[in-house]
Amino acid sequence: MTQIDGQPRVRITGATKKFGDNVVLNNVDLEVRAGEVAVLIGPSGAGKSTLLRCINGLERLTSGTVEIDGVRLEYRERSLNHMREHVGMVFQSFNLFPHLTALENITMAQVVVGKRSKSEAHDRAAKLLFRVGLGEKANSYPSALSGGQQQRVAIARALAMTPKLMLFDEPTSALDPELVGEVLQVMRELADEGMTMVVVTHEMRFARQVADHVVLLADGAIAEEGPPEIVLDAPASDRARSFLSKLQADG
Amino acid sequence: MEFLNALIASSPALLKGLSVTIGLTALTLVFSVILGAIIVAMKMSSIPAFSRFATGYLAVVRGIPLIALLFVIYFGIVSVFKVDAFTAAAIGLSVHSSAYVAEIFRSGINSVHNGQVEASRSLGMSRVATMSRVVAPQALRVVVPALVNQAIVSLKDSAVASFITVDELFMTAQRLSAATFQPLTYYAIVSLYYLAMVGAMTFFAGKVERYFQKRG
């Protein structure tokens, strides 16, 4: 599959997250190496999205550490901004800026954060739109795009910052079934190009085909992890077996 | 006929008063927007002292009748600094209006989905850049009708400045009615002036709203 070198891009150690008395993550350790695609699966409420959001500091860990390329995540405004420049995120509800066109959505942060010139950012945005198959939609506002198109613009927006890590938070869960494929296709291509990705998803086929590493979370802890053919087809833990059999029962 | 004559004869004086009213209203708008923005920034700040100050400011300013606030500022400031009645009125009206403008801003900001903020922050945009480039432009559309409404309120509220001797539109009408013993005539005439102004502002507001609706 993809070329994976040994250096950990993300290292999460002893991650614990509480909302009040509610323990959402309980002492989770996770490593994602550069070039690797890690897929987080598990029942809803297991803490998948929270774990993902802790990687770029959208959620603050109660205790434990996150390191990206060996640099420990700190919650000061400036270091957060600096880290996020290199960590792209794609959301379940797309979160495109509705007052900007598709192209402007992709250029803004390049100019404001990346300090690129307008024309440079513009060229890059146009290329990325073309790459996600939306070259002709540059001047469309998000409200005129389908969910699948919006999500592809959102991916392009994150890629415009040349991230070294991409986080996907259930990127296809809000989409009509017939639009899921186009988004997964873009993600598949990205994985083939060697992008390091952490993906929260319910798409088991995607996990099976694209993941290097599958992590099954349950009740805020890792129930099982490893290569997809082991975690998905021959899980050792009861928790993993019951989750996967439920999925199969649902088709 | 008599009314028409009075309307025409009084127009030079009333137009002069109107220009003072417009000036006062314009100043109120500018400063209440600036003050309102500062207050809302403090109110939403993560620094407790700031948000507590803003909460107190809003409670005090909204809890005092405009006329009382104006008198307090007028007699309070005049006793310390040498300012004229017009300046005191501008300050009082701005402070009064700023509390309402701050609340309008806050509802506008809250109308922008938090996912927008997260998306912006996840791109490495700072808090300030997120506010100015993502939240504010969207909030503005929501806020414009309420802001125009507040401007109309401020225009009418400015009549209160007559109580502290500002020679604005309403004061002029008061003078005319006292001089002629025809209060009904001149208060009716001055009402027409206010109506015309509010009509013009409403018309303009409609244009602005349609402009914002057209874009995306």
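Observations on the structure shown:
- Whichever residue in the range B:67-84 is buried (at least 18 other Cβ atoms within 10 Å of the Cβ) and touching a residue at least 40 places away in the same chain (Cβ under 8 Å) and, among such residues, is farthest from B:Phe31 (Cα to Cα): B:Tyr74
- Some residue of the range B:90-107 being open to solvent by 30 Å² or more (accessible area, probe 1.4 Å), more than 14 Å from every other protein chain (Cβ to nearest Cβ) and more than 21 Å from B:Asn149 (Cα to Cα): no
- Qualifying positions in the range A:27-37 - farther than 15 Å from A:Glu225 by Cβ and not hydrophobic (A, V, I, L, M, F, W, C): A:Gly35
- Scanning the range B:124-145 for residues that are open to solvent by less than 10 Å² (accessible area, probe 1.4 Å), within 7 Å of chain A (Cβ to nearest Cβ) and either farther than 24 Å from A:Gln110 by Cβ or not in a helix (DSSP H, G or I) (or both) yields B:Gly124, B:Met125.
- Candidate set: the range A:66-79, residues that are open to solvent by less than 60 Å² (accessible area, probe 1.4 Å) and over 19 Å from the mean Cα position of the chain (by Cα); chosen: the one farthest from the other protein chains (Cβ to nearest Cβ): A:Gly70
- Every residue from the range B:180-216 that is among the aliphatic types (A, V, I, L, M) and under 25 Å from B:Gln150 (Cβ atoms): B:Val190, B:Leu192, B:Leu195, B:Ala196, B:Met197, B:Val198, B:Ala200, B:Met201, B:Ala205, B:Val208
- Hits in the range B:160-216 - residues which are open to solvent by less than 80 Å² (accessible area, probe 1.4 Å), touching a residue at least 60 places away in the same chain (Cβ under 8 Å) and not in a helix (DSSP H, G or I): B:Val166, B:Asp167, B:Glu168, B:Gln182
- Within the range A:84-93, the set of residues being open to solvent by less than 30 Å² (accessible area, probe 1.4 Å) and within 8 Å of chain B (Cβ to nearest Cβ) comprises A:Arg84, A:Val87, A:Gly88, A:Met89, A:Phe91.
Every residue, every condition in (1) more than 24 Å from A:Asp192 (Cα to Cα); (2) touching a Pro at 6+ places or on another chain (Cβ under 6 Å); (3) surrounded by fewer than 18 Cβ atoms within 10 Å (Cβ to Cβ), yes or no:
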site	(1), (2), (3)
A:Asp29	yes, no, yes
A:Ala34	no, no, no
A:Thr50	yes, no, no
A:Ser63	yes, no, yes
A:Asn81	yes, no, no
A:Ala102	yes, no, no
A:Lys115	yes, no, yes
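- Residues considered: A:Asp29, A:Asp69. Of these, the only one that is closer than 24 Å to A:Ser242 by Cβ and of a type in the set (D, E, K, R) is A:Asp29.
The values are calculated or read from the model by the stated rules, or taken from the named source; none is laboratory data. Predicted, not measured: the structure shown is a model, and the values here were computed from it. Every residue, glycine among them, receives a Cβ derived from its backbone with ideal geometry; neighbour counts consider all protein chains shown. Accessible surface is based on the protein model in full, side chains and every heavy atom, while ligands, DNA and RNA are left aside. Shrake-Rupley method; radii C 1.70, N 1.55, O 1.52, S 1.80 Å.
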